[in-house]
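What follows is a single structure, written as structure tokens, with notes after it.
The values are calculated or read from the model by the stated rules, or taken from the named source; none is laboratory data. Since the structure is predicted, the reported quantities are computational estimates derived from the model, not experimental observations. Please note: Cβ atoms are built from the backbone with ideal geometry, for glycine as well, and neighbour counts cover all protein chains shown.
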Amino acid sequence: MGIKSFQGARKQQIKDEVTPLKVSDYMTTNLITFTPDQSIESVMQALIEHRISGGPVVNDKNEVIGIISQGDCIKQVIESRYYNMPMQDQTIEKHMVKNVETIDGNMNIFDAANKFLEAKRRRFPIVENGKLVGQISQKDVLKAAMQMKGQNWK
């Protein structure tokens with residue numbers, strides 16, 4: 001007498017297709033931007049008011065020409081205190097980081113995460129056809145990771 005199996009027919013397992021997450025899916029497009037002729041004080045006020053740690057500096061064609069951060073502002077506060085010079089006359093043009101690395105909105109979010117680690121940056125502007133279209137931050141990458149929790153990483 002043979003052994004009978006009471007196990008029913010197995011369903012064909014369908015692998016979940018996970019589409020790679022792109023930077024453009026998580027980037028911020030509603031940006032606080034600055035202009036090179038803005039005063040350090042007005043930038044500090046905007047950083048505090050909007051609870052951000054920095055932002056892109058753009059020209060009148062919306063092209064990224066720099067990045068200004070809290071750290072850049074703090075350096076200026078220290079210098080003006082040390083040299084006893086008023087800060088209100090200072091524009092951000094001399095204090096912004098001019099060598100700005102940007103990334104492509106089509107980049108995989110996890111490749112972007114790697115870039116954050118390598119470059120030790122808090123944010124990357126996203127440029128399309130030479131114009132600023134968004135920004136991705138470390139926090140945006142963390143949000144993407146949390147949404148992927150429990151799924152396959154790609």
Residue in region 40-54 that is over 20 Å from the mean Cα position of the chain (by Cα) and of a type in the set (Lys, Arg) present = no
task = Give the residues of region 124-136 that are within 14 Å of residue 107 (Cβ to Cβ) and not aromatic (Phe, Trp, Tyr), sorted by residue number.
result = 125, 126, 127, 128, 133, 134, 135, 136
message = Residue under question is residue 49, and the condition is that it be surrounded by fewer than 18 Cβ atoms within 10 Å (Cβ to Cβ), charged (D, E, K, R) and modelled with pLDDT of 90 or more; does it hold?
response = yes
request  = Scan region 95-154 residue by residue and report those that are touching a Lys or Arg at 6+ places or on another chain (Cβ under 9 Å), β-branched (Val, Ile, Thr) and not in a strand (DSSP E or B).
outcome  = 109
query = Would a scan of region 64-83 turn up a residue that is surrounded by fewer than 16 Cβ atoms within 10 Å (Cβ to Cβ), at pLDDT below 90 and assigned to a loop (DSSP other than H, G, I, E, B)?
reply = yes
